[in-house]
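The values are calculated or read from the model by the stated rules, or taken from the named source; none is laboratory data. Remember, predicted model here, so these are calculated numbers, not experimental data. Cβ sites come from the backbone with ideal geometry, for glycine too, and all protein chains shown count toward neighbours.
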Amino acid sequence: MKLAIRGDVLTFQADPFLSSSSEALWFQRDMLVLLEEGHITAMQAASDLLPTLSPDIEIHHYPGQLILPGFIDSHVHYPQTEMIAAPGKQLIDWLQNYTFVSEQGFADIEHAQEVAERFITEQLRHGVTSSCVFGTVHPASIEALFKVAAQYDLRLMAGKVCMDRHAPAALLDTPRQAYEDSLALIQRWHGRGRAEYVITPRFAPTSSPEQLEMLGSLAQQFPQVLIQSHISENPAEIAWAQSLFPDCRDYASIYHRYGLLRPRAIYGHGIHLSEAELELLYATGTSLAHCPSSNFFLGSGCFDIQRARRCVHSVKVGLGTDLGAGTSFSMLQTMGEAYKAAQFHGYPLTAPQAFYLATRGAAEALGIADKVGSVAVGMEADLAIINMHSTALIDFRMRYARDLNEALFIQMMLADDRAISATYVAGKRCYHATAA
Ligand code: GUN
Ligand code: ZN
């Protein structure tokens, strides 16, 4: 089936951290984007392309709205959908009192199925078309998620959490079981449709050296498979990790020792990394997921994005919600929080930089930029349509927007799910806002 989408296209042709915004951002009004068999097959000015289209092609017209690459959430925990906004102290307390309680419910497959459906539905309502997701320790939690994602043909990356210590007994696996369950999930799901498996040690404090070693050898067996975990989020967590691995120079070296730093390995947070750790991430091609709403919620600190994305030895960074420590599914709201985190370090994040982190930048960090994250011919047809006037206040404020950068900035500071007019996945409209 052929479908064409008409509106104003915004995408990236370069990295706005390493080149100027005007070089990086590509924006054209009134474009027509042709979608066929899950891909973008043509993109031209509507006035040029329309006369050439056969009359049976359906056209979805969004006058004055933005056609963006679908948002990519580079770090999120789907089982925590049920415990978003759980009040706690900081990371360790919150994990023990809420997260490890909720995650036990995923021994029940029906429960996992229900939460997976709610999670994907929310993502689509928020224009999120790809994400890198943590399950629970139960392999069935990932089965449930991949099954729901397959119904929409989503490019979804996910892994069963591995942890064999420092959590309730009901949530522990063993080094061997973690290896075997992860291997079985790779064999069953990796590369099936658009699903990708992610090797997922929760973080160093909940994995024994033996477990990290087994997962490192699994990673070596599958050099193309993603790896995800957490690093350097909270001072108490860092001290804990160091005390458990006293022979390692620092937190990053723990993962490095077990072969878990490499291209397509992505670590949440990295707020308190030393210079030597950042250099190690850069040298190994490892990425970071910046999760500002979570960092504010748990009082973890403020990630210094300019330090990580410096011109020399720049570490790849994607934006993540880290829900349920993150407080929203909305990547627009998460961009707003990223702006505030940067302000704490004394500089502003520009709107093009923020939109990049949530689209092409996240795709680069996850190693999927050849497939998604841009609106361009040959890319998979995952798109989000943004209404730039989604509330009365935004509509009013937009009257005074001086240019595109300011209009985008208004969206990332003030907009939320109400701005998402429609979400397209693999060329099909999976979500369409109904008029209020
Ligand atoms: N570190 C280890 N597990 C978690 C988790 O579930 N959420 C966050 N924010 N940090 C973690
Ligand atoms: Zn996380």
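Residues in region 244-285 that are part of a loop (DSSP other than H, G, I, E, B), among the hydrophobic types (A, V, I, L, M, F, W, C) and more than 23 Å from the chain's Cα centre (by Cα): 245, 248. Residue pairs whose Cβ atoms lie under 7 Å apart, separated by 6 or more positions or on different chains, with the first residue in region 365-391 and on the phi > 0 side of the Ramachandran plot and the second among the polar types (S, T, N, Q), are 373/359.
Selection of region 160-169 for residues being without any contact (Cβ under 8 Å) to a residue 60 or more places away in the chain and out of contact with any Lys or Arg (no Cβ under 8 Å at 6 or more places or on another chain) yields 160, 164, 165, 166, 169.
Yes/no per residue for (1) away from ligand 2 (no atom under 16 Å from the Cβ); (2) free of Cβ contacts under 8 Å to residues at least 24 places away in the same chain:
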| site | (1), (2) |
| --- | --- |
| 171 | no, no |
| 187 | yes, yes |
| 192 | yes, no |
| 197 | yes, no |
| 208 | yes, no |
| 225 | yes, no |
| 233 | no, no |
| 237 | no, no |
| 242 | yes, yes |
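Does residue 130 count as small (Gly, Ala, Ser), within 26 Å of residue 265 (Cα to Cα) and either in contact with a helix residue (DSSP H, G or I) (Cβ under 7 Å, 6 or more places away or on another chain) or in contact (Cβ under 8 Å) with a residue 60 or more places away in the chain (or both)? In short, yes. For region 286-297, residues that are in a loop (DSSP other than H, G, I, E, B) and within 12 Å of ligand 2 (Cβ to nearest atom) total 1.
Of all residue pairs spaced 6 or more apart or on separate chains, those with beta-carbon atoms under 9 Å, a first member in region 12-28 that is over 19 Å from residue 315 (Cα atoms) and a second member that is buried (at least 18 other Cβ atoms within 10 Å of the Cβ) and acidic (Asp, Glu) are 27/8; 28/8. Answer yes or no: is there a residue in region 111-121 that is surrounded by 16 or more Cβ atoms within 10 Å (Cβ to Cβ), at pLDDT 95 or above and in a strand (DSSP E or B). No, that holds for no residue. Restricted to region 22-44, and to residues there that are over 22 Å from the mean Cα position of the chain (by Cα) and not in a strand (DSSP E or B), the residue that is surrounded by the fewest Cβ atoms within 10 Å (Cβ to Cβ) is 37. Scanning region 186-203 for residues that are more than 21 Å from the chain's Cα centre (by Cα) and either crowded, with 16+ Cβ neighbours inside 10 Å or of a type in the set (Lys, Arg) (or both) gives a single hit, 188.
Exactly one residue out of 294, 287, 274 is in contact with a strand residue (DSSP E or B) (Cβ under 9 Å, 6 or more places away or on another chain), polar (S, T, N, Q) and under 16 Å from residue 237 (Cα atoms), and it is 294.
Tallying residues that are small (Gly, Ala, Ser), more than 14 Å from ligand 2 (Cβ to nearest atom), crowded, with 24+ Cβ neighbours inside 10 Å and closer than 17 Å to residue 80 by Cα within region 298-340 yields 1.
Residues that are over 21 Å from residue 267 (Cα atoms) and surrounded by 24 or more Cβ atoms within 10 Å (Cβ to Cβ) within region 147-181 comprise 149, 154, listed in sequence order.
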